[in-house]
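Novice: Got a structure for you, written out below as structure tokens; questions coming shortly.
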Amino acid sequence: MNNQHSLSKEKISILLLEGVHDSGEALFRKNGYNNIKTLKGAIDEKALIEALQDVRILGIRSRTSITKDVLEKALSNIPQKQPKLLAIGCFCIGTNQVDLSACRKWGIPVFNAPHSNTRSVAELVMAETVMLLRKLGECNQNMHKGQWIKSASGCYEVRGKTLGIIGYGHIGSQVSILAESFGMKVIFHDITTQLPMGNATQVEDLDELLENSDAITLHVPEDQGTQNLVNETFLSKMKQGSVIINASRGTVVDIEALEKSLKSDHIGGAAIDVFPIEPAKNGMPFSSPLQGIPNVILSPHIGGSTSEAQKNISLEVCQKLIQYSDIGSSMGSVNFPSITLPTQSNSHRLLHVHQNNPGILGAINQVLAESKTNIMGQYLQTFDDIGYVVIDVNQAHDTDLRKKLLEIPGTIRCRILY
């Protein structure tokens, strides 16, 4: 195959927004990618739409929204519907800022970093557990006001207390380990059966957890089942004087209901790191009904904001993006059929993304057969609506092969590597 069919790394433009840690850019450059532009902040929708028409790889954090409308405006006028955008990297845990289904329909895998900041969030949760049970937030406010109020009333050690964890995934289980090292008893609730870490105990009934926990921490995703999970009914079932921590998603807690419960002294304290509506950038005004309430700790979505976490997130996401760009491996994508691929020598690799309709794989193989192309390896994974097939072929074959594959009905996109 002529080299003109392969895209050189110099032509793969990369845009990293919102101050992605520079370790990611360094990793790209180490792997031969030098067409990189980085910006410290997000860009407005108009600029984003313009950028997506030319960018091959996009990196974002939580402030950039990739909606169906943005994708349609940016990509719908591309010749042959073959957009330049190859992949999107979310340099964070969540991907709710991206319309994953819309990206999949354009053949664009989305990658994130579900593991890299777990320790940072877990440490913050434990720090806030201690602070709330010792009323350190309230003491700090009094001292800054010039008020010396020394009292042990309502202040407790965490040792011997029960921590209730809702959502026992990567972060929840890390919190569990740290809590036990503090001498706490740990119980947890999850929608699926999980293997407990240490001496933690899973409880099937959420009410049992609410009634028996001295502190509750939330580690659930954002979906219809978790929206306003912490509402007036939830709070009323919590143990009198217990505290609650949310470092998961802002929509999980009904802030007005929490305000009411705190002011009635049923809930003894709260630490909130995420909010239903957050300012788009630093320096913008922030307002919450929880401001000014004693023993409430408010932080600006900093659960994973440590130098170590940001570096690890950047490296994890960039490595996934490089693997997809270099060899077509989609392992770790949150919206795309997952294929782990070996590297091949003395061959070319075809990447074919298509609607998951009956007969498409047969049509692909028919094109290859008619082109007298020797298949050296074939890998296929599908979702209900999309299929991803990777084919290693010998070097001697029809140079119009890509064009013929694109003409197959149901084809979304086709790339040729090496």
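Novice: From Ile88, Ile66, Ile14, Ile60, grab the single residue that is modelled with pLDDT of 90 or more, within 24 Å of Arg349 (Cβ to Cβ) and within 17 Å of the chain's Cα centre (by Cα).
Specialist: Exactly one of Ile88, Ile66, Ile14, Ile60 is modelled with pLDDT of 90 or more, within 24 Å of Arg349 (Cβ to Cβ) and within 17 Å of the chain's Cα centre (by Cα), namely Ile88.
Novice: Which residues, counting only those in segment 206-244, are open to solvent by 10 Å² or more (accessible area, probe 1.4 Å), of a type in the set (S, T, N, Q) and within 19 Å of Gly160 (Cβ to Cβ)?
Specialist: Matches in segment 206-244: Asn212, Gln240.
Novice: From Ala257, Ala247, Ala200, which residue is buried (at least 16 other Cβ atoms within 10 Å of the Cβ), closer than 22 Å to Val121 by Cα and free of Cβ contacts under 8 Å to residues at least 60 places away in the same chain? Talk me through it step by step, then tell me what you get.
Specialist: Details: Ala257 fails: closer than 22 Å to Val121 by Cα; Ala247 fails: free of Cβ contacts under 8 Å to residues at least 60 places away in the same chain.
Exactly one of Ala257, Ala247, Ala200 is buried (at least 16 other Cβ atoms within 10 Å of the Cβ), closer than 22 Å to Val121 by Cα and free of Cβ contacts under 8 Å to residues at least 60 places away in the same chain, namely Ala200.
Novice: Cβ contacts < 6 Å: first residue without any contact (Cβ under 8 Å) to a residue 40 or more places away in the chain, restricted to segment 338-362; second residue open to solvent by less than 70 Å² (accessible area, probe 1.4 Å) and of a type outside the set (S, T, N, Q), any location; separation 6+ or different chain. Result?
Specialist: Thr343/Ile327; Asn356/Asp385; Asn356/Ile386; Asn356/Gly387
Novice: Quick one: in segment 391-410, of everything that is open to solvent by 30 Å² or more (accessible area, probe 1.4 Å), of a type in the set (D, E, K, R) and modelled with pLDDT of 80 or more, which residue is nearest to Ser345 (Cα to Cα)?
Specialist: Arg402
Novice: Moving to a separate point now. Pairs please, first residue from segment 276-287 and open to solvent by 90 Å² or more (accessible area, probe 1.4 Å), second anywhere and among the hydrophobic types (A, V, I, L, M, F, W, C) and part of a loop (DSSP other than H, G, I, E, B), Cβ atoms under 8 Å, 6+ apart in sequence or on different chains.
Specialist: Between residues of segment 276-287 that are open to solvent by 90 Å² or more (accessible area, probe 1.4 Å) and residues that are among the hydrophobic types (A, V, I, L, M, F, W, C) and part of a loop (DSSP other than H, G, I, E, B), the close pairs are Lys281/Ala42.
Novice: Select from segment 166-197 the residues that are β-branched (Val, Ile, Thr) and in a loop (DSSP other than H, G, I, E, B) and write down the one among them that is most open to solvent (accessible area, probe 1.4 Å).
Specialist: Residues of segment 166-197 β-branched (Val, Ile, Thr): 166, 171, 175, 177, 186-187, 191-193.
In the following step, the residues that additionally are in a loop (DSSP other than H, G, I, E, B) were identified as 191-193.
Values: Ile191: 163, Thr192: 71, Thr193: 130 Å².
Filtering segment 166-197 for residues that are β-branched (Val, Ile, Thr) and in a loop (DSSP other than H, G, I, E, B), the one most open to solvent (accessible area, probe 1.4 Å) comes out as Ile191.
Novice: Looking only at segment 110-130, count how many residues are in contact (Cβ under 8 Å) with a residue 60 or more places away in the chain, in contact with a helix residue (DSSP H, G or I) (Cβ under 6 Å, 6 or more places away or on another chain) and open to solvent by less than 40 Å² (accessible area, probe 1.4 Å).
Specialist: Residues in segment 110-130 being in contact (Cβ under 8 Å) with a residue 60 or more places away in the chain, in contact with a helix residue (DSSP H, G or I) (Cβ under 6 Å, 6 or more places away or on another chain) and open to solvent by less than 40 Å² (accessible area, probe 1.4 Å): 8 in total.
Novice: Looking at this structure, is Leu258 under 16 Å from Gly154 (Cα atoms) and not in a loop (DSSP other than H, G, I, E, B)?
Specialist: Details: under 16 Å from Gly154 (Cα atoms): no; not in a loop (DSSP other than H, G, I, E, B): yes.
No.
The values are calculated or read from the model by the stated rules, or taken from the named source; none is laboratory data. From a predicted model like this one, the values you see are computed outputs, not experimental measurements. Every residue, glycine among them, receives a Cβ derived from its backbone with ideal geometry; neighbour counts consider all protein chains shown. The area values use the complete protein model at the heavy-atom level, side chains included, leaving out ligands, DNA and RNA. Shrake-Rupley method; radii C 1.70, N 1.55, O 1.52, S 1.80 Å.
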